[in-house]
């Protein structure tokens with residue numbers, strides 16, 4: 001790798017979620033670019049680091065997010081490889097030497113699929129690029145399953161949500177609820193092992209950020225990769241205690257520091273103080289009009305749109321899903337499509353044509369995957385059989401220097417939140433495990449073989465699922481706790497960059 005930091009680039013890939021578009025990731029890009037986007041010269045006791053270039057794939061917007069993780073993932077993979085190849089062709093002196101991948105909501109699962117293919121099927125492009133940070137924000141790693149504490153929620157409301165969600169969100173909805181799958185293992189289970197777990201193991205740092213409240217889409221437990229959820233168990237009436245030792249407190253532009261919940265201080269007997277909310281007559285009248293309007297007009301329209309989108313998605317992708325079942329067919333064809341084998345030199349703009357050619361012929365490279373060798377591939381074990389129990393040497397790992405005094409708070413935070421799922425943690429011993437089925441148990445067990453920095457974040461907003469990444473942009477209406485969460489994660493990545501060697 002080049003030693004010239006000004007020519008080396010750090011590619012940061014930002015993958016949006018269900019019903020979303022690349023615009024949802026703009027706030028994250030804006031905040032992170034301010035935190036670590038520019039070239040940073042070497043300081044005493046710290047490393048200089050590369051300029052960051054941000055890339056948010058655009059080919060999976062809105063209804064295309066209904067098409068299932070594999071099809072979405074292959075589109076994203078083709079677009080990513082195209083971006084890297086085009087970047088190097090435009091600037092012969094610059095070189096992408098580091099990659100970080102961030103997924104939001106469903107994008108976190110797509111990101112896990114993509115990195116699994118980057119360091120297996122697409123090694124010719126990624127073999128000299130260091131996997132640096134893998135991060136997900138409010139992503140349903142364990143799928144979506146509703147749990148309730150009342151008869152109504154357990155036996156009426158939650159089953160209805162599951163039925164509607166699995167039907168109205170296309171193939172993606174069925175995958176998120178882990179429904180069906182036929183003779184193949186559910187995709188969420190497959191993503192927790194083999195080449196996908198192996199690829200995750202290559203990243204120097206793995207981070208998950210989970211909402212503790214007001215996320216009606218992705219519950220805490222599934223974003224946190226856990227079989228425990230103190231907020232479901234207590235009906236979210238438990239009192240929160242926030243992390244006090246936040247590093248770099250003076251650097252925050254948000255009007256508040258990030259609200260990271262200290263899970264070990266949760267006490268089932270200590271309830272959160274109840275606020276008395278006074279409702280004015282004017283506000284009462286507004287809600288009295290809006291609620292019936294929503295049920296009579298907005299919700300039915302949304303249901304019809306989702307149903308139409310779901311039906312269209314199934315029809316449009318039926319051919320591709322049949323080909324995916326052939327296991328080895330599409331990955332090799334994607335390799336040719338992105339030019340790895342020098343068989344294809346042009347890229348088409350149509351999303352589906354980027355993956356499947358109507359006149360596909362027998363592929364001469366059908367066994368190519370088994371022949372690839374690179375620094376990322378274990379000498380003793382095929383990545384397809386990787387289960388997380390065997391140590392694989394990361395060729396980019398280096399011995400970190402002892403942190404300076406200024407970094408002691410970061411060291412404390414990183415250690416604390418890398419071990420907050422240990423069996424001896426107070427909150428782990430206090431709260432009960434959720435009644436997971438075998439698939440969900442397998443997912444948590446497999447992913448927990450790797451070390452994760454798990455951040456439980458409180459975002460004070462009516463919809464914290466969108467607020468945690470300031471999905472609507474940074475403005476006067478942005479929840480400050482969401483803004484602070486973005487700044488915290490950006491500062492954390494900058495710390496890793498500064499203390500890399």
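Values quoted throughout were computed directly from the atomic coordinates according to the rules given, and no laboratory measurement underlies them. Bear in mind that the values here come from a model prediction, so they are computed numbers and not experimental data. As a convention, Cβ positions derive from the backbone with ideal geometry for all residues, glycine included, and neighbour counts pool all protein chains shown.
List of remarks:
- Peptides 203-212, 52-61 ordered by packing proxy, namely the average of other Cβ atoms within 10 Å per residue, highest first: 203-212, 52-61.
- Exposure proxy ranking for 34, 227, based on other Cβ atoms within 10 angstrom of each Cβ and starting from the fewest, stands as 34, 227.
- For segment 95-149, alpha-carbon Rg and Dmax in angstrom: 14.2, 54
- Ranked by how many other beta carbons lie within 10 Å on average, peptides 421-433, 442-454, 234-246 from highest: 442-454, 234-246, 421-433
- Exposure proxy shown here: for 91, 407, the number of other Cβ atoms within 10 Å sets the order, fewest to most, as 91, 407.
- Label separation (residue 87 vs residue 237): 5.1 nm, computed from points 7 Å beyond Cα along the C-beta direction.
- Radius of gyration and maximum dimension Dmax of segment 193-269, Cα, Å: 15.6, 44
- For segment 401-501: span of alpha carbons on each principal axis (Å, largest first): 44, 42, 23
- When peptides 185-196, 263-274, 483-494 are sorted by average Cβ neighbour count within 10 Å, with the highest value leading, the order is 483-494, 185-196, 263-274.
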